[in-house]
Amino acid sequence: MNISDRQSMHGQWSSRWTFILAATGAAVGLGNIWKFPYLTGQNGGSAFVLMYIICVAALGIPLMMAEILLGRRGRSTPIRSMKVLAEENNVGQWWQIIGWSGTIAGMLILSYYSVIGGWTLAYIFKSIAGTFSGATGEFAANTFNTFVGNSSSLFIWHTVFMVITMGIVAGGVQGGLEKAVQFLMPTLFFLLLLMVGYSMTTGFFGKGLEFLFTPDFSKISGASMLSAMGQAFFSLSLGMGTIMIYGSYVPKDTSIASTSVMIAIADTGVALLAGMAIFPIVFANNLEPGSGPGLIFQTLPVAFGSMTGGTIFGSLFFILLLVAAWTSSISLIEPFVTWLIETLGVSRLTAALYSGMATWLLGLGTVWSFNLWAELKFFGLTFFDLLDFITSNLMLPLGGILIALFAGWLMSAESTKAELQISNPTLYTTWQVLVRYIAPVAVFIVLLNAIGLL
Ligand code: PHE
């Protein structure tokens with residue numbers, strides 16, 4: 001069969017625009033609104049932001065192009081696509097490891113992502129119930145600690161989040177994913193802008209901007225570089241096959257380069273907007289920027305509690321976060337679900353059920369890492385921190401590098417040129433240099449540096 005006529009058996013986006021919305025939906029998630037601010041706070045602010053932006057531009061965009069390219073060329077699940085592409089390019093079948101590692105990483109990430117998604121659900125109800133009106137910092141921190149300390153409530157919310165996610169996934173590409181993102185993404189942007197508007201009225205907007213954008217280079221360390229890089233991969237959903245599988249549904253006349261740039265800009269824009277919404281509120285209320293995964297849950301309720309209309313703003317904010325989490329979580333499990341469909345020949349519904357149950361079960365480890373297992377440490381990390389470290393900081397960057405090496409070295413220049421359709425030769429060469437040399441070398445340097453070998 002002619003390669004350009006290859007189609008994915010799982011469907012195709014109805015237009016380039018739905019692909020952009022869906023990929024942006026996959027990229028924009030808890031990573032931007034929950035994780036980016038707390039990592040920025042823990043790593044001292046602006047220097048981290050700067051390293052993050054450099055990673056997005058120099059590694060993220062070229063790797064995203066490589067990943068969409070592989071997906072569109074392979075037109076299948078990451079595992080199957082890599083098999084097809086390895087055959088096509090006469091290289092070893094072990095390259096399928098890209099697909100395997102990504103499929104597993106997606107499931108591992110979703111297992112804890114769902115727990116945090118569950119916190120978000122719970123906080124919508126707390127906000128609507130007016131729990132935070134007049135809340136002090138101490139009250140908000142106590143509320144959060146009591147909440148995460150209670151294993152049964154985390155268990156319930158994690159379960160609810162997982163059921164909703166798998167319900168959308170069971171709907172399939174056009175029925176489920178597209179319908180969901182078309183409605184959810186625009187709502188998200190609107191609500192976020194509203195939050196930034198509020199922050200401008202706190203009197204601490206300038207302080208927030210300074211924290212985010214005036215680099216303090218003394219705060220840069222091997223560990224903070226690794227987390228900035230891991231966060232760039234995590235936030236852009238790179239290195240694990242999500243973008244590859246979404247790429248497999250892309251119509252053949254879509255420009256991969258400009259689409260990648262748009263997705264990266266939208267994703268980084270949302271993270272920065274989230275930072276601009278959150279840090280002024282943190283400073284205005286004398287809250288602690290480095291307080292970790294609970295940052296937004298411990299700090300924002302104080303602000304909502306003291307502002308006029310806080311119940312509405314607070315509820316809207318957590319709905320926003322839920323929306324963002326949803327569109328990402330459906331993409332995290334998509335490689336696993338489609339792999340089950342292809343391998344076991346089961347229906348989408350059955351595949352969603354199996355993968356949802358397996359992921360849910362693993363998620364219990366994260367549920368307990370905040371309470372029953374809080375003292376249980378692996379290499380000094382809780383179960384949740386360990387999963388996060390292994391996936392974001394190791395599996396995604398390494399997966400990304402293999403993708404870059406495959407697209408840069410093993411695929412023929414004709415085929416990558418044909419897929420990328422970049423007419424400007426300088427731009428094509430720049431992309432090639434970035435995926436062949438810069439990205440692999442940079443990721444290795446950051447990894448070696450972080451484990452103290454450099
Ligand atoms: N990018 C998503 C976020 O920022 C998380 C994610 C990672 C989704 C990897 C898919 C794949 O929340």
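What follows is calculated from the coordinates using simple rules that are stated; it is not laboratory data. Since the structure is predicted, the reported quantities are computational estimates derived from the model, not experimental observations. Heads up, the Cβs are rebuilt from the backbone with ideal geometry, glycines too, and the neighbour counts pull from every protein chain shown.
Charge tally around Thr391: other residues with Cβ under 15 Å, Lys/Arg +1 each, Asp/Glu -1 each, net -1. Applying a DSSP loop filter and a limit of 15 other Cβ atoms within 10 Å to the trypsin sites (Lys or Arg not before Pro) in the stretch 349-439 leaves Lys377. Summed over qualifying helices (DSSP H, 4 residues or more, each -39500 (n - 2.57)) and divided by its residue number, the chain shows a 222 nm mean residue ellipticity of -22500 deg cm²/dmol. Taking the stretch 262-298 and a reference point 7 angstrom along Cα→Cβ of Ser221, the backbone N atoms nearer than 18 Å belong to 289-293. The ranking of Ser127, Ser255, Ser153 by Cβ neighbour count inside 10 Å, starting from the fewest, reads Ser255, Ser153, Ser127. Taking a straight Cα-Cα cut-off under 14 Å and skipping sequence neighbours fewer than 8 places away in the same chain, the aspartates and glutamates within cross-link reach of Lys252 are Asp5, Glu419.
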